[in-house]
Amino acid sequence: MKGKHSQADSASPNLLCAEGKPDLEKLWTEVNTEARRISETEERLGALMEDVFLSRDSFGCAAAARLSRKLAREDMTREELFPLLVEIFQDHPQLVASLAYDTIAICDRDPACTSVIQPLLYFKGFMAISTYRISHQLWKNKRHELAWYFQSLASEVFGVDIHPAAQIGCGILLDHATGLVIGETAIVEDDVSILHEVTLGGTGKQTGNRHPVVRSGVLIGAGAKILGRVEIGAGAKIGAGSVVLEDVAPGKTVAGVPAIFVGESSEKNPAHAMDQSLRCSGL
């Protein structure tokens with residue numbers, strides 16, 4: 001799969017402020033416009049649009065509404081979940097900004113995304129990382145049992161298992177996301193794209209820092225396994241199905257089992273380009 005290569009092709013044009021931060025007001029306006037369009041053109045989705053978007057006053061409130069619908073169980077009903085999520089988002093506005101970054105990243109990189117409203121409505125990778133962000137904040141607040149609860153919900157509902165203590169930046173695309181596993185001490189920087197069935201795991205019973213560090217701009221292909229405290233350098237590309245057991249230098253492409261160097265990445269930022277081929281510069 002290749003990503004979108006121009007703003008003209010993007011489902012989220014000009015949704016960043018001059019300083020590079022998400023323009024939440026503009027994003028919310030675009031989402032509401034799409035919600036009204038869907039409500040008018042698809043009658044059976046009208047009640048959903050009204051409940052999640054048209055009756056809400058902010059992107060964060062809409063995210064809380066959508067996630068509470070998705071995650072509700074007998075253990076914790078939607079009526080209990082929604083005010084809890086609203087409270088968390090209000091107390092930690094950086095979480096809403098992170099969700100906005102992720103939304104824009106998906107719209108910019110995933111050619112299957114044709115509207116800014118789609119990630120929140122339909123894309124489980126977005127909903128899974130949003131749930132992780134909630135669990136991570138709870139973990140940092142020492143509310144470990146509730147953090148574990150949200151982690152288990154993400155695993156059950158979305159098929160994504162991210163430890164609440166893992167550190168993940170903004171602008172993340174989890175494409176398809178099914179089968180993704182990210183361990184406790186993993187670090188993923190901003191602007192990374194990860195496909196389904198990827199594992200950022202340990203190699204045994206070691207304690208301490210035992211999971212990978214993934215720097216900005218990295219693209220990790222479907223089914224790749226990166227094991228141990230290895231570092232994937234900025235702008236590197238990991239081929240689909242690879243098993244990575246050693247550090248990968250910035251801007252390099254590796255592939256295979258075990259993964260070996262196959263060349264320089266042909267793009268400056270593979271996470272944005274989303275080109276999973278193994279074409280490399282100079283080859």
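Laid out as a table, the results:
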{"item": "Any hit, segment 103-122, residues being surrounded by 17 or more Cβ atoms within 10 Å (Cβ to Cβ), within 23 Å of residue 14 (Cβ to Cβ), among the polar types (S, T, N, Q) and under 12 Å from the mean Cα position of the chain (by Cα)", "result": "yes"}
{"item": "Residue check, residue 85 crowded, with 23+ Cβ neighbours inside 10 Å and out of contact with any strand residue (DSSP E or B) (no Cβ under 9 Å at 6 or more places or on another chain)", "result": "yes"}
{"item": "Condition met for residue 203 (touching a strand residue (DSSP E or B) at 6+ places or on another chain (Cβ under 6 Å), part of a loop (DSSP other than H, G, I, E, B), surrounded by fewer than 18 Cβ atoms within 10 Å (Cβ to Cβ) and not charged (D, E, K, R))", "result": "yes"}
{"item": "Test: residue 50 is part of a helix (DSSP H, G or I), surrounded by fewer than 18 Cβ atoms within 10 Å (Cβ to Cβ), modelled with pLDDT under 95 and among the acidic types (Asp, Glu)", "result": "no"}
{"item": "Matching residues, segment 52-63, being touching a helix residue (DSSP H, G or I) at 6+ places or on another chain (Cβ under 8 Å) and within 15 Å of residue 24 (Cα to Cα)", "result": "53, 56, 58, 59, 60, 61, 62, 63"}
{"item": "Among (1) touching a Lys or Arg at 6+ places or on another chain (Cβ under 9 Å); (2) assigned to a helix (DSSP H, G or I); (3) not hydrophobic (A, V, I, L, M, F, W, C) - the single one residue 14 does not satisfy", "result": "(2)"}
{"item": "Residues of segment 206-224 satisfying the condition of being in contact with a Lys or Arg (Cβ under 9 Å, 6 or more places away or on another chain) and within 20 Å of residue 170 (Cα to Cα)", "result": "211, 212, 213, 217, 218, 219, 220, 221"}
{"item": "Pairs where the first residue, in segment 179-205, is closer than 19 Å to residue 110 by Cα and at pLDDT below 95 and the second is in a strand (DSSP E or B) and not aliphatic (A, V, I, L, M), C-beta under 7 Å, 6+ apart", "result": "none"}
{"item": "Scan of segment 139-163 for residues that are part of a helix (DSSP H, G or I) and buried (at least 22 other Cβ atoms within 10 Å of the Cβ), ordered by number", "result": "147, 150, 151, 153, 154, 158"}
{"item": "Given (1) out of contact with any helix residue (DSSP H, G or I) (no Cβ under 8 Å at 6 or more places or on another chain); (2) in a helix (DSSP H, G or I), index of the condition residue 68 fails", "result": "(1)"}
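The values are calculated or read from the model by the stated rules, or taken from the named source; none is laboratory data. Please read these numbers as outputs of a predicted model, since none were measured by experiment. Methodologically, a virtual Cβ is constructed for each residue, glycine included, from the backbone with ideal geometry; neighbour enumeration extends over all protein chains shown.
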